[in-house]
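Taking it in order: structure first as structure tokens, then the write-up.
The values are calculated or read from the model by the stated rules, or taken from the named source; none is laboratory data. As the structure is a computational prediction, the values presented were derived from the model and not from experiment. These area figures cover heavy atoms from the full protein model, side chains too; ligands, DNA and RNA do not enter into them. Shrake-Rupley method; radii C 1.70, N 1.55, O 1.52, S 1.80 Å.
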Amino acid sequence: MSPSLPEIILALDLEDRGQIHQMLEKTGDRLSWVKVGLQSYLRDGPSLVRELSESGKKVFLDLKLHDIPNTMAKALESLSDLPVGLLTLHASAGPEALDRCARLAKESMPEVTLLAVTVLTSTNQEGLQAIGVNDPVDDQVLRLASLSTDQGIGGIVCSPLELPRLRHSLPASTKLVTPGIRPLNANAGDQKRIMTPGQAKRAGANFLVIGRPILATPDPRDALESILEELNSTEI
Ligand code: C5P
């Protein structure tokens, strides 16, 4: 992968396994990555992840782990046999948990990049204050992102608008994974702070997590193709 060409991860936010398989047939070989979140993982379990991997997809397992350091490390051990390429945990679990998880992943899951989630985009300034954080949201995002990379975590999930600051402030090797992507002609839905695929590429994203702009179109393959085209034709 060229460092300047982000990869697309299709968020499999679908009601059942049947729909997931239909969608994979529709999107075809041009799609390399899929995201399995809590909704599907808790419903379908590890066998879904294995099935996706056997069908040739790389899997982003979005479980957003958050617990005491020992429990997080044990949770990672439980996942270490699964064919996963990206896995999320909460940066606010703190330095010890991040450090233990980063070490464990390096030793036992060398093919996995751990991604830290900082401030959830559903949390605004008021929400942060309610849990005792008085700093601006952007500063808290950068604090948690830097803490994560300092402890050896390989990537950060961030909103498109956080991309420029994080790309500038974090080590160049840090993978930035961004939802909230909307092609120009797509419906924004409930996403508010959005960027087009081309803008996110220019801002330094490595992976774009995209759901409804592909899932909710009459021709998902065509939607995927036009996003890929936009990415290919966007100059840095
Ligand atoms: O359909 P859409 O493209 O909005 O889907 C984006 C995916 O990224 C969904 O799976 C959503 O849960 C996830 N996500 C997000 N915003 C975040 C974190 C995750 O939209 N801040």
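Amide H contacts of residue 209 (H built 1.01 Å from N, in plane; Pro and chain starts excluded): 9, 178 sit under 5 Å, all sequence-distant by 5 or more or on other chains. With a 1.4 Å probe and all protein chains kept in place, how much accessible area does residue 193 have, in Å² rounded to the nearest 10? Its heavy atoms expose roughly 100 Å² to the probe. Its residue count N sets the reference 2.2 N^0.38 Å, and the alpha-carbon radius of gyration of the range 1-135 equals 1.15 times that reference. Summarised in one figure, the compactness ratio Rg/Rh of the range 8-75, Cα atoms and Kirkwood Rh, is 1.02. The value of relative contact order for the range 46-175, using C-alpha pairs under 8 Å at least six residues apart, is 22 percent. Using equal-weight Cα scatterers in the Debye expression, the normalised intensity of the chain in log10 at q = 0.07, 0.12, 0.15 Å⁻¹ is -0.22, -0.66, -1.06.
A 1.4 Å probe, protein heavy atoms only, puts the accessible area of residue 23 near 10 Å². Averaging the sequence gap over all C-alpha pairs within less than 8 Å and six or more residues apart, then dividing by the number of residues, gives the chain a relative contact order of 20 percent. Based on the reciprocal of the average 1/r between different C-alpha atoms, the Kirkwood radius for the range 159-236 equals 12.8 Å.
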